[in-house]
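Undergrad: Mind having a look at this structure? Questions to follow.
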4 protein chains.
Amino acid sequence: MITTTTVKVGEQPTGDPMEVPVIHIQGQGNGPRVYIQANIHGAEVQGNAVIYQLLNLFRQYPPQGDVVMVPQANPLGINQKSGEFTLGRFDPVTGINWNRQYHFDHSMLEPFTQDYLDAEESEIRDAFRTRLKQQLEARMASPWGLTCGQHLALNLQKMAVEADIVLDLHTGPISAQHLYVPEYARKRARHFHIPLNILIPSDFSGAMDEASFSPWWQLSQHFALHGRELPVMVDAFTIELGSQEHLDVAGARQDAESICNYLQHQGLWLEHYVQPEPSAMQACYLKDYKAFFSPAGGQVEYLAKLNQQLPAGEPLATLWHFNALVGESSHSRTITLPCDCIPVLHFASASVQQGTELYKVLTNTFRL
Amino acid sequence: MITTTTVKVGEQPTGDPMEVPVIHIQGQGNGPRVYIQANIHGAEVQGNAVIYQLLNLFRQYPPQGDVVMVPQANPLGINQKSGEFTLGRFDPVTGINWNRQYHFDHSMLEPFTQDYLDAEESEIRDAFRTRLKQQLEARMASPWGLTCGQHLALNLQKMAVEADIVLDLHTGPISAQHLYVPEYARKRARHFHIPLNILIPSDFSGAMDEASFSPWWQLSQHFALHGRELPVMVDAFTIELGSQEHLDVAGARQDAESICNYLQHQGLWLEHYVQPEPSAMQACYLKDYKAFFSPAGGQVEYLAKLNQQLPAGEPLATLWHFNALVGESSHSRTITLPCDCIPVLHFASASVQQGTELYKVLTNTFRL
Amino acid sequence: MITTTTVKVGEQPTGDPMEVPVIHIQGQGNGPRVYIQANIHGAEVQGNAVIYQLLNLFRQYPPQGDVVMVPQANPLGINQKSGEFTLGRFDPVTGINWNRQYHFDHSMLEPFTQDYLDAEESEIRDAFRTRLKQQLEARMASPWGLTCGQHLALNLQKMAVEADIVLDLHTGPISAQHLYVPEYARKRARHFHIPLNILIPSDFSGAMDEASFSPWWQLSQHFALHGRELPVMVDAFTIELGSQEHLDVAGARQDAESICNYLQHQGLWLEHYVQPEPSAMQACYLKDYKAFFSPAGGQVEYLAKLNQQLPAGEPLATLWHFNALVGESSHSRTITLPCDCIPVLHFASASVQQGTELYKVLTNTFRL
Amino acid sequence: MITTTTVKVGEQPTGDPMEVPVIHIQGQGNGPRVYIQANIHGAEVQGNAVIYQLLNLFRQYPPQGDVVMVPQANPLGINQKSGEFTLGRFDPVTGINWNRQYHFDHSMLEPFTQDYLDAEESEIRDAFRTRLKQQLEARMASPWGLTCGQHLALNLQKMAVEADIVLDLHTGPISAQHLYVPEYARKRARHFHIPLNILIPSDFSGAMDEASFSPWWQLSQHFALHGRELPVMVDAFTIELGSQEHLDVAGARQDAESICNYLQHQGLWLEHYVQPEPSAMQACYLKDYKAFFSPAGGQVEYLAKLNQQLPAGEPLATLWHFNALVGESSHSRTITLPCDCIPVLHFASASVQQGTELYKVLTNTFRL
């Protein structure tokens, strides 16, 4: 059974509510609970198309566990234009990234661990989830209020915290498909068949994927300190689908099938329905996922192809100085990197300041 | 001989001047004077690459007449970022389009026509140009000052007014190459070999091309009212090179050669050096150059190919309503146009409000 | 009887409608129909408070004619933030001023005049209003769609066109109270008791006041050309209440009473209920309402007091150049004007470019 | 001797450098070295006027130690307009606050402490400062480049790191004068005579004041862990002068004298030249410096006076809902706080979303 509701996540100066659409798919049996959202950054629209294709697949193959999907998860970000483009990456009032405002207070980990050191896994799971929900509710009840971004984030997180699997669908600026993989889930992440992967640690700095896995991962780490091995009971991934400001609904079918491949390996269905093409999967650690910042202001030709090996010293980009055309030697410079890499994404505009993030690249790569 | 200077076109709150680079190429003999500028809209960078390629050609084939070229003509627009993109189409304080602030006061036309009705053409040309320059200088000397955009526009116009040929290099958002052609210059415009053309009347609404040709064209019209046929003595074109925020310096060579083909037919060289490929050239009148505005808010797949015939009723775009995914009939709508057309450009973002300019198309087309 | 409805004026990318609240007050008898709107520019909030106080007055003294009031008339503008301030003066996508998108096509004036040259005034009024409504409906039905700003403007104008009196409540940036008065209504305008007044001609450039009075005024002018004197049958005013981004609900009571004084002289009530304080009223013609643009970039101390005579040569502002502090002579300059004036408003920020509109002032003033 | 230079802190897409003016005042003898900067947030201009008045005082009373002052410290922020206001609080591309990008890597503290545990204070001071400078230089030499904000911050920090006293001049939005005081410097902070004070701990989150005192304070804490008492050898304060977008050069004299009173107590002169009025000084801890976020969207009357006690439950602001005027009970709500407080600042715009930071207030106050 598929139903839809809306959840209020904010209120505009005019008094108009900001609401997100929520699609509930009731599970057929006893599978994992899944939460999927898209478009938390306003310009990153392709995840909505993936949710559309997932919905088609869920209709065709009803899942065992409950699935909740939220397309267009950030109405303020989506509706915020500045010139022709969507200025949806950060709160236009404060500058704070919309994907850095989820909540987790780790101070409860140690007392919780001591209380539940000998409990059953299922009891731990239920009790810990209850604590996480209480944290959210306490925060939402603050007499001093919440920021605009917290209203949005906490209302979404209230849905995500119920899930065993959380997928946050993003895109880069001009970008190849890539995946943020918490290190503990490295093996399972292969089922996404995503060519480029970044392995991330258990830190929490406010993003949805971290907000979903960090509490459980850090709980597992606390149990380990006390000598008990506890699995990380929630999986969460940020999937970067490609480029922002681009919608390709037919193409989203393949992304949806990749996601279903992961989900079927996690038991969302009793059988395996989709069979994605195998693909070469490269990975590196977060510390080796490097950003290169422009050494000068200028206008840019982005030369390096995404998702292709670029040897050290090969041209990454040409930076043009059209204010110095007449001097032959000064009109441009070729930019190279000091080591081998695989370019993942580049900046969206052809005009850059000194310090603009030109490219992000995997270095010290290995097979996932 | 090639020299460079800078011209101050404004001043920032910090006191820093805003300057444009000016490239002067001294003519070898007796050809037309040419003025070419690029990047008056901040995101429209490709014209700078064309100026670079033109400079290479002018070095190889020194022109007969003087050439002045201004790349990066709008430092404030180029440097104005909002999010990752360049917010360079209008003054961020007032909203006024940077290309609507040039000056022409037509009230002098009638008295001038009466004074010079029987003069030689060359005398008319010199006297009229002097008047235009006086208009600019009077305006720039206003004791009440000028707007930021007027400081920019008038300083550029002071250079352009000296020229017999004025080319303003622009791009569209996501766009095919196209040309704005003043109707009187239709025949000559063919030498640009640009596939899509819009024929415009003698009106002046503040753009550089109009500011350059309208005074001369309207002068010709005034002389005609008094029974004398006077040629329009200045040509001016806005060339739309393709898409904004995209730089392709090698590809700019072909645009530069197209421009040189026009220039050599206008006598900038004694011989013809470049031989561009012939191309099919479609045109329509400005009144038939139609914008289609989105009938609703949503996220868009742009389906119609640019520079290809689109029959009436064929899909132009799909507008997706991801807030209504579950209702099969409501999740999207196909957008069509009521007549045959050739799409020229479309909006740059995938998220649109009701009323966003989705596409601009040629209708009622004919061969240029 | 007081009722409220909402009118949809646009749709966001998310699919969320943009709606304005409409307050209808049914008249007790046979008075003029009145339309009042506020906050079409997003930062100009004080008009909403005036509508609140008017509503209180209308409750206390039920009007003879119907009154329609629209507070928060521009939801997109009001909700558009960029940093801490409201970026609500122009469409963030196109830069077009929200108050320049109303519609009037004057080509119908001459044939209409010929058709109705000998008709009764009331017949002319009804027929002309019907034509204006047809114009709006034809425009709204365009198969090519409308811009975002036109959707807003035309939906508001459809309400305003029904009225005999139209009041558009604005504010300046940092501003004294002032009034735009169509010249034909000069005498009646005195009933507003607003100290500073600008007399404007019958031109139409897209603002609400013009869109409301220009058709009727130009109709009167056409009739005059044909020898018949026809009164201008609609009054419309833009009232500038003070400074933007400032709300003072108690203070709005006085503005509401000034408006009621005008309305009671126009017959909205059978008796006169309010008695505003008399005030000195200065005026000048639009051509003498001068803007002064900063001669340089810098940081500004606004010295001249608003609504006080400033003799020629007296300090208007000091422009500071903090990048040149050490040179005693270069660190600042005093700005003066070449003629006597009354300052009306000044820019809202302390940092200005060369060309920023520093002050607007009345010159060549006289008593209203 | 007073000299001026400029330091390049960035480069624009056009190739234009971004430079800050630097004023060097050579000390007469053996006093502390002082670094003062202003306007790192683009709209916060008043600090420039204070630097102007300080310069006048330093001319009159030449200091013993070297003084370096940087007005207009952030050219990109100052020149960034969006509408009429200065959008200068964060990088318009990334959203990152300009005052969160200074650098300090604390990992060197422990080894340094062990190395210098028995050294002379002056030796520790010199060696530690050298290490800090090496950190900055290493960071600036990164082969992967720096962000735009880091280029700015590190170039300023290179100057500040040389100083014994660092003052960063800010303003709030609409704000009373207040001071951020590192707890160790509480007693000395009284010499500023600033009425409202926030006592802050030794954490580092990227601001200039923290970047200047945290390394020295944390060093002192490390020495303490090893049993040696080491004074904090650098003082650093963020001084909030009042409201943004406001310039009052005469009024800045008093702020300059307050600063000089602190400086003369720190030995910048051999005598005491200025005698500021005593003032009541309230303070609270950072954890008690509370922000109140709007519980709903609406338009606001800010009622509570700044720098005046507000008892719990007294009106802080009225939030108006002009879209619900007709329902008497729904048109507005009075906002109160749950405890006594002293309001320090409020939001600059009258239109707020749910979650907008309406006010910041001191709670649990005590005398400084």
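The values are calculated or read from the model by the stated rules, or taken from the named source; none is laboratory data. What you are looking at is a predicted structure, and each value in this text was computed from that prediction instead of being measured. Cβ atoms come from the backbone with ideal geometry, glycine included; neighbour counts cover every protein chain shown. Side chains are part of the model used for accessible areas, which takes the heavy atoms of the whole protein and leaves out ligands, DNA and RNA. Shrake-Rupley method; radii C 1.70, N 1.55, O 1.52, S 1.80 Å.
Undergrad: Please list the helices of chain D that count as membrane-span-like by this rule: a mean Kyte-Doolittle hydropathy of at least -0.5 together with Cα atoms stretching 24 Å or more along the helix axis, each helix being a complete DSSP H run.
TA: D:208-225
Undergrad: Let me ask something else. Restricting things to alpha carbons, find the Rg to Rh ratio for the range B:286-367 using the Kirkwood radius for Rh.
TA: Rg/Rh: 1.00.
Undergrad: Output the relative contact order of chain A, whole-number percent, from Cα pairs under 8 angstrom with separation of 6+ residues.
TA: 17 percent
Undergrad: Something else about it: List the lysines whose Cα sits under 19 Å from the Cα of A:Lys158, skipping any in the same chain fewer than 8 residues away.
TA: Once the sequence-local lysines are set aside, what remains near A:Lys158 is A:Lys8, A:Lys133.
Undergrad: While we're here: So what is the calculated 222 nm ellipticity per residue for chain A, using -39500 (n - 2.57) for each DSSP H run with n of 4 or more, over all residues, to the nearest 500 deg cm²/dmol?
TA: It comes out at -8000 deg cm²/dmol, rounded to the nearest 500.
Undergrad: Between copies, how far apart are the A:Gln308 label points? List them in nm, one decimal, shortest first, with each point 7 Å from Cα toward Cβ, please?
TA: So the label point of A:Gln308 gives 2.4, 6.9, 7.0 nm to the other copies.
Undergrad: Mind listing the long-range amide H neighbours of C:Leu87? Cut-off is under 5 Å, sequence gap 5 or more, other chains count too, H placed in the peptide plane at 1.01 Å from N.
TA: HN-HN under 5 Å from C:Leu87: C:Gln80, C:Lys81, C:Ser82.
Undergrad: While we're looking at this one, here's another question. For label points placed 7 Å from Cα toward Cβ, what is the shortest-first list of nm distances from C:Arg367 to its copies?
TA: Distances to the matching label points in the other copies: 6.1, 7.5, 9.7 nm.
Undergrad: Find how many whole Å separate the alpha carbon centroid of the range A:174-240 from the alpha carbon centroid of the range D:124-138.
TA: The distance from the Cα centre of the range D:124-138 to that of the range A:174-240 comes to 38 Å.
Undergrad: Now a separate question. Go through the range A:74-79 residue by residue and turn each phi into a ³J(HN,Hα) via Karplus (6.51, -1.76, 1.60, θ = phi - 60°); whole Hz please, and just put x for glycine and proline.
TA: For the range A:74-79, the Karplus curve yields 10, x, 5, x, 5, 8 Hz.
Undergrad: Determine the principal axes of the Cα atoms in chain B, then give the extent along each, sorted from largest to smallest and rounded to whole angstroms.
TA: Between the extreme Cα coordinates on each principal axis of chain B lie 73, 51, 44 Å.
Undergrad: With a ≥ b ≥ c taken as the square roots of the eigenvalues of the C-alpha gyration tensor of the protein assembly as shown, please select rounded if a/c is under 1.5 and otherwise prolate if a/b is larger than b/c or oblate if it is not?
TA: rounded
Undergrad: Just to confirm, what accessible area per residue do you get for the protein assembly as shown at 1.4 Å probe, in whole Å²?
TA: 35 Å²
Undergrad: How many percent of the accessible area of the range A:183-341 is carbon or sulfur, using a 1.4 Å probe?
TA: Summing carbon and sulfur atoms, their accessible area is 48 percent of the total for the range A:183-341.
Undergrad: Next question, about the same structure. Is there a simple number for the mean count of other chain Cβ atoms within 10 Å of the Cβ of residues in A:337-347, and what is it?
TA: 1
Undergrad: Please give every one of the aspartates and glutamates within straight-line cross-link reach of D:Lys287, meaning a C-alpha to C-alpha distance under 20 Å, and leave out same-chain neighbours fewer than 8 residues apart.
TA: Partners within reach: A:Asp105, D:Glu183, D:Asp203, D:Asp209, D:Glu210, D:Glu240, D:Asp340, D:Glu357.
Undergrad: If you restrict to DSSP beta bridges whose two residues both lie in the protein assembly as shown, what percentage is antiparallel, to the nearest 5?
TA: Around 65 percent of the beta bridges assigned by DSSP in the protein assembly as shown are antiparallel ones.
Undergrad: For a protection proxy built on the mean count of beta-carbon atoms within 10 angstrom, sort B:143-156, A:246-259 highest first, please.
TA: B:143-156, A:246-259
Undergrad: Also, quick follow-up: Enter the buried accessible area of the A/D pair, total of both sides, probe 1.4 Å, in Å² rounded to the nearest 100.
TA: That pair of chains buries around 3200 Å² in total.
Undergrad: Out of all DSSP beta bridges in the range C:2-279, what portion is antiparallel? Express it as a percent rounded to 5.
TA: Of all bridge pairs located within the range C:2-279, approximately 45 percent are antiparallel.
Undergrad: Using mean Cβ contacts within 10 Å as the protection proxy, how do A:295-308, B:112-125, A:208-221 order, highest first?
TA: A:208-221, A:295-308, B:112-125
Undergrad: Another one. Shielding by partners for D:63-74, please: the mean number of other protein chain Cβ atoms within 10 Å of each residue's Cβ.
TA: Average per residue, whole number: 2.
Undergrad: Same structure again: If you take each beta carbon of peptide D:190-196 and count the beta carbons of other chains within 10 angstrom, what is the mean?
TA: 0
Undergrad: Could you please point out the chain A residue with its Cβ nearest to the axis of the rotation taking chain A onto chain D, and the distance in whole angstrom?
TA: Spelled out as residue then distance in Å, it is A:Gly95, 2.
Undergrad: Also, quick follow-up: What nm distances, shortest first, do you get from the label point of C:Tyr285 to those in the other copies when the point sits 7 angstrom along Cα to Cβ?
TA: For C:Tyr285, the inter-copy label distances come out at 3.8, 7.1, 7.9 nm.
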